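What follows draws every value from the coordinates through simple rules; no lab data is involved. Everything numeric here is computed off the predicted structure, so don't read it as measured data. Heads up, the Cβs are rebuilt from the backbone with ideal geometry, glycines too, and the neighbour counts pull from every protein chain shown.
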Amino acid sequence: MSRAVRSLTIAAKPASLSLVIEFVRKGALEANLPEERLGELDLLVDELVMNVCAHAYPGDSLGDVTVTYSVLAPGELSVEVADQGVEFNPLKAETPDLTLGLEARPVGGLGIHLVKTLAKSLIYRREQGWNRVTFGFSARS
């Protein structure tokens with residue numbers, strides 16, 4: 001099994017999402033993740049990449065997102081989503097009040113809550129102007 005780190009750098013725009021998901025799915029195949037888990041993996045990648053697209057580069061500023069994966073062991077995948085945009089630590093995002101009805105719930109926060117729930121591990125770090133969110137995903141998580 002390859003333990004190589006693979007990276008994709010692409011424009012941080014919604015139209016790039018399908019290429020990013022396809023890229024991360026290659027990692028899922030390398031890690032022998034079960035087919036029934038791929039929807040959850042897609043959701044994690046979608047949420048993190050779309051947050052970069054929507055919030056990292058305000059106004060008309062353009063930027064990239066770099067997605068990296070590595071297979072840690074059979075059934076274990078590590079994925080990092082990185083950008084050089086506005087600093088944002090998703091681990092500090094407030095947990096939404098899930099007891100409220102949809103009409104009463106403020107917009108935002110649910111996606112990050114899903115990431116925190118579905119990822120086996122979740123780490124944020126800010127390094128030399130980069131936001132780096134790394135999550136672990138497992139065949140068993």
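What does the highest-first list of 59-65, 114-120, 47-53 look like by mean Cβ count within 10 Å?
Per-residue mean Cβ counts within 10 Å order the peptides as 47-53, 114-120, 59-65.
Test of understanding: ordering Arg140, Arg6, Arg126 by Cβ neighbours within 10 Å, fewest first, what list do you get?
Going from least to most buried by this count: Arg140, Arg126, Arg6.
Leaving out same-chain residues fewer than 8 places away, which aspartates and glutamates sit with a Cα under 18 Å from that of Lys116?
Cα-Cα hits under 18 Å: Glu40, Asp42, Asp46, Glu47, Glu76, Glu80, Glu94, Asp97.
Can you run phi through the Karplus equation (6.51, -1.76, 1.60; θ = phi - 60°) for segment 116-121 and list ³J(HN,Hα) in whole Hz, with x for Gly and Pro?
Going residue by residue, I get 4, 6, 8, 6, 5, 8 Hz, with x marking Gly and Pro.
Can you list residues from other chains, or at least 5 along the same chain, whose modelled amide H is less than 5 Å from the amide H of Lys120?
Here Gly136, Phe137, Ser138 satisfy the definition.
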